[in-house]
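Remarks on the structure that follows.
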Amino acid sequence: MEKPIKNTILNHSNTKEWNEECAVVGVYNAQNAASIAYYSLFSMQHRGQEATGIATSNGEKITTIKNNGLVTEVFCDDTLNRLKGFSAVGHNRYSTAGNDSISDVQPLFARYDLGEIAIVHNGNLTNARKIRNELIQEGAIFQSYMDTENLIHLIARAKQENLIDRIKEAVLRLKGAFCFVILSRKKMFVIRDRHGFRPLSLGEITNPDGSKGYIVASETCAFDLVGAKFVRDVEPGEMLMFSKNGVESHKIMPSNPHPCIFEYVYFARPDSRVFGRLVYEIRKNMGRELAKENPIEADLVIPVPDSGVAAALGYSQESGIPFELGIIRNHYVGRTFIEPTQQIR
């Protein structure tokens, strides 16, 4: 049994939290895991701009740094140098509830009988309230209002001796959309829900010494920035376990794919491959199809930047109506759609 190691614990809050369209990243067996996680989160900043965090493991302890703000505001050379280790998990937060508490910033960290654990999550658990109430009645003490914390309690209370079996038991109690990346001191686990609502891809990293490392991320644009090679999407209902022996795939639940169309419409970056397709081409084809189904007489086709540019190009090319930029977006302002309150939006 691994004995607990000291780690940084941050504040708590009392506001409900959701993780509908966050960015998650996991890095394993990389000589500069924290830096890779940092650049991956930077490339996926569009998926969440309220808060960010990274947890790393050196095989003996897990260290976590997280705070409100953008990736470049929270992390610098000093903070990244404190994140030692060969593996890392990271998170950019998008929430639909107005909340700025540090306790609801991921990764979530906990100590339990098998040692230490850190979890990042993209998605919503539809039975989170039911499970939470059951756990509270059994004596569980929650430190945040995120549905993600349910998984930590379920893992800690599971009866199996091995972490992988505890994770399987815990995940099978969950319903809804989830991409989890779970970091222990020596291993990393990745789980995608049976419906594959949210995207999650696997890539390979070549370390400076020539050895192989691994990365998982919400979007493949993260791979491009860190020089990782795309391997495949994590399958719906699949769990990957990363250890010193490599990668193991476990099919822990039957798949029933229902990917979220809004990834193509808005959330994903156009240069990412999501659900096996290039987002830019999908959006362009949507514009072409719109021109076929709804032809109109007009002087110009003007996109609403940035996610509407490719669709407007497709509409223009199919209809023959000239494309022009009539709206110029301030790129130094975050994506206003995903601000937490309607007033700010």
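See the values below:
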item	result
Two-site label geometry, Thr126 and Glu248: point separation in nm, points 7 Å out along Cα→Cβ	3.1 nm
Separation between Cα centres of the stretch 139-167 and the stretch 185-229, rounded to whole Å	24 Å
Two-site label geometry, Gln31 and Asn294: point separation in nm, points 7 Å out along Cα→Cβ	5.4 nm
Residues of the stretch 274-297 with amide N under 19 Å of the 7 Å Cα→Cβ point at Glu324	296-297
Distance cut-off 25 Å, percentage of C-alpha pairs in the stretch 82-236 lying past it	31 percent
Length gained when the stretch Asp165-Asn58 is fully extended (0.36 nm per residue, less Cα-Cα span)	36.2 nm
Radius 11 Å from Cβ of Val309, net charge of other residues (Lys, Arg +1; Asp, Glu -1)	+2
Long-range amide H partners of Asp233 with built H, under 5 Å	Leu202
Virtual spin-label span in nm between Asp78 and Arg157, 7 Å along Cα→Cβ	4.1 nm
Charge-dipole axis of the chain as Lys and Arg at +1 and Asp and Glu at -1 on Cβ define it, positive-most pick from Ser316, Thr72, Pro257	Pro257
Burial ranking of peptide ranges 224-232, 77-85 (average Cβ count within 10 Å, highest at the top)	224-232, 77-85
The stretch 194-294 pair-distance distribution - Cα-Cα, 5 Å bins, rounded %	3, 12, 19, 19, 17, 13, 8, 5, 2, 1, 1, 0
Exposure ranking of His331, His195, His153 by accessible area [1.4 Å probe, largest first]	His331, His195, His153
All-pairs alpha carbon distance profile, the stretch 163-204, 10 Å steps from 0, percent	25, 55, 21, 0
Value of [θ]222 nm, deg cm²/dmol, for the chain, DSSP H segments ≥ 4, -39500 (n - 2.57) each, nearest 500	-6500 deg cm²/dmol
By average C-beta atoms within 10 angstrom, highest first, the peptides 236-248, 109-121	109-121, 236-248
Percent of beta bridges antiparallel (DSSP, the chain, rounded to nearest 5)	95 percent
Whole-number accessible area per residue in Å² for the chain, which is evaluated in the context of all protein chains at 1.4 Å	46 Å²
Kirkwood-type radius of the stretch 86-151, with distances r between different C-alpha atoms, in Å	13.2 Å
Rg/Rh for the chain, where both radii come from Cα atoms and Rh is the Kirkwood radius	0.99
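The values are calculated or read from the model by the stated rules, or taken from the named source; none is laboratory data. In this text, all values refer to a predicted model and were calculated from it rather than measured experimentally. Positions of Cβ are generated from backbone atoms using ideal geometry, with glycine treated the same way; all protein chains shown enter the neighbour counts. Heavy atoms of the whole protein, side chains included, go into the accessibility calculation; ligands, DNA and RNA do not. Shrake-Rupley method; radii C 1.70, N 1.55, O 1.52, S 1.80 Å.
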